[in-house]
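What follows is a set of notes on a single structure, which appears directly below.
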Amino acid sequence: MSRKEPELVTFGCRLNTYESEVMRTHAKNAGLEDAIIFNTCAVTKEAERQARQAIRRARRDHPKAKIIVTGCSAQIDPETYAGMEEVDQIIGNDLKLEAETWGATDHERVQINDIMSVKETASHLIDGVEGHARAFIQVQNGCDHRCTFCIIPYGRGNSRSVPIGEITDQVRKLVESGYNEIVFTGVDVTSYGSDLPGEPTLGQMIRRVLALVPELPRLRLSSLDPVEIDDDLWRLIAEEPRLMPHLHMSLQAGDDMVLKRMKRRHLREDAIAMCERAREYRPDMVFGADIIAGFPTETDEMFARTLDVVEECDLTFLHVFPYSEREGTPAAKMPQVPHEVRKARAAQLRALGEKQVQKFLKRHVGQKRQVIVEQNGIGRTEHFAEVQLDKNQRQGALADVMIKGIEGNRLTGKVL
Ligand code: SF4
């Protein structure tokens, strides 16, 4: 039985989710059939292992399908996928977004460009994000920083921004398709605009887009660098109700020596100051954070300061990563923390994260909240809390809900 539409298997971040939608459109328009496209991630060894495993399984289950591999892991390490007989084609991170790539019939098996030579973001308008009530759109790609643990710049190249006009067109198109919440995503979104004429800041871009698309009810931002929030963005945090009171911080650690060895731009006090300032403007502001457990040379005392900063900043949604050494990064050459210690510290952080979530959920009981409906009668509040609704609503709809209680890591609510 041949498969009509190409299947997308996406790993990793929201940027990959957005790009998979772009590839889906290009592949469909090119009439590609009976194909499975793997959009890989290289952030951890585990993400790469899962991709290889999924590729082998796909070949077993679909012997005739065309298997195409792209994404950061394919861009950084094409040889590994070229060495897999299951794989028919390997496409680089820039070429995957080009319509021509998908129309070409006589192509090399391996098509990888020097990603550092890519200067612009390729512009596409997606109609939506399949299966998602909230749409992720790319506003920036690549990164000019070189944190010592991070492989991403080698997969995505240097920082480049999507012009404001294209972002506005994309937001308008999604709002017209019925989306009530959009998430601006990228690799290092706080560096937005530094490569554009007039160097508009992230805050200036957001203000402009919200002014040009007054119909958009809710805007959410993906990961922010604690010390790179511009004045316009601070004003929006203080004044703009359509900007959701939920910020995700690329924190990584709470100890200054570790942060220095990571080559991060912020120190512990900067992260604390960011949270305090945001809560001065929006007392109900909730924070998420990316944190690495077991970075090379991290001692128990240093780790204790990471645990402590979670409470000091009152962080809620923790994305915890046991350190994963990436070949070619400076941190991989530093004295390593044993794997079992990394895992144990990650477990400690996750347990603390659970406690923080419970504390956060308690604050919502008895309150009225606006919820965006996702799947199976579950939705998300403005503060990103999950809510089990008492009755089903259309996916993507906004509903006013009275929060009744807590079940596990979720609120329960009555649709008003
Ligand atoms: S800011 Fe650092 S962690 Fe983030 S993508 Fe750039 S190099 Fe990686």
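The values are calculated or read from the model by the stated rules, or taken from the named source; none is laboratory data. All values derive from a computational prediction rather than experimental measurement. So basically every Cβ, Gly included, is an ideal-geometry build from the backbone, and we count neighbours across all protein chains shown. Side chains included, ligands, DNA and RNA excluded: accessible areas come from the protein's heavy atoms. Shrake-Rupley method; radii C 1.70, N 1.55, O 1.52, S 1.80 Å.
Under a Cβ-only charge scheme (Lys and Arg +1, Asp and Glu -1), can you give me the dipole magnitude of the chain about the Cα centre, in debye to the nearest 20? Don't skip to the end; give the middle numbers.
Details: 57 positive and 64 negative charges, 246 e Å.
Result for the chain is approximately 1180 debye, rounded to the nearest 20.
Longer than 20 Å from Cα to Cα, which of Lys45/Lys333; Lys66/Lys173; Lys66/Lys119; Lys45/Lys343; Lys260/Lys343 are they? Say none if no pair is. Kindly include the intermediate steps, with their values, before the conclusion.
Working: Lys45/Lys333 16 Å; Lys66/Lys173 32 Å; Lys66/Lys119 31 Å; Lys45/Lys343 14 Å; Lys260/Lys343 22 Å.
Beyond 20 Å: Lys66/Lys173; Lys66/Lys119; Lys260/Lys343.
Per-residue packing, averaged as other Cβ atoms within 10 Å, sorts the ranges 361-372, 63-74 into the order 63-74, 361-372, beginning with the highest. Only helical runs count toward this figure. For the chain, summing -39,500 (n - 2.57) over DSSP H runs of n ≥ 4 and dividing by all residues gives -10500 deg cm²/dmol at 222 nm.
How many angstrom separate the Cα center of segment 1-56 from the Cα center of segment 136-166? Cα centroid of segment 1-56 versus Cα centroid of segment 136-166: 20 Å apart. A 1.4 Å probe run over the protein chains yields, for the chain, 42 Å² of accessible area per residue, whole-number rounding. Note on segment 13-56: with neighbouring protein chains present and a 1.4 Å probe, carbon and sulfur make up 45 percent of its accessible heavy-atom surface. Each label point was placed 7 Å from the Cα along the Cα-to-Cβ direction; for Arg146 and Arg235 their separation is 3.6 nm.
Take the Cβ-Cβ distance between Gln348 and His107 as r, set R0 to 41 Å, and report the resulting FRET efficiency rounded to the nearest 0.05. Efficiency computed from Cβ-Cβ geometry: 0.25.
Here segment 135-362 has 53 percent of its accessible surface on carbon and sulfur atoms, given a 1.4 Å probe and all protein chains in place. Using the 4.7 Å Cβ rule, please list in number order the cysteines from the chain without any candidate partner. Lone cysteines by the Cβ rule: Cys13, Cys41, Cys72, Cys143.
Segment 238-263 and segment 347-404 have their alpha-carbon centroids 22 Å apart.
Report the equivalent ellipsoid semi-axes for the chain in whole Å, largest first, defined as the square roots of five times the eigenvalues of the gyration tensor built from alpha carbon atoms.
On the way: eigenvalues 210, 152, 99 Å².
Ellipsoid semi-axes (Å, largest first): 32, 28, 22.
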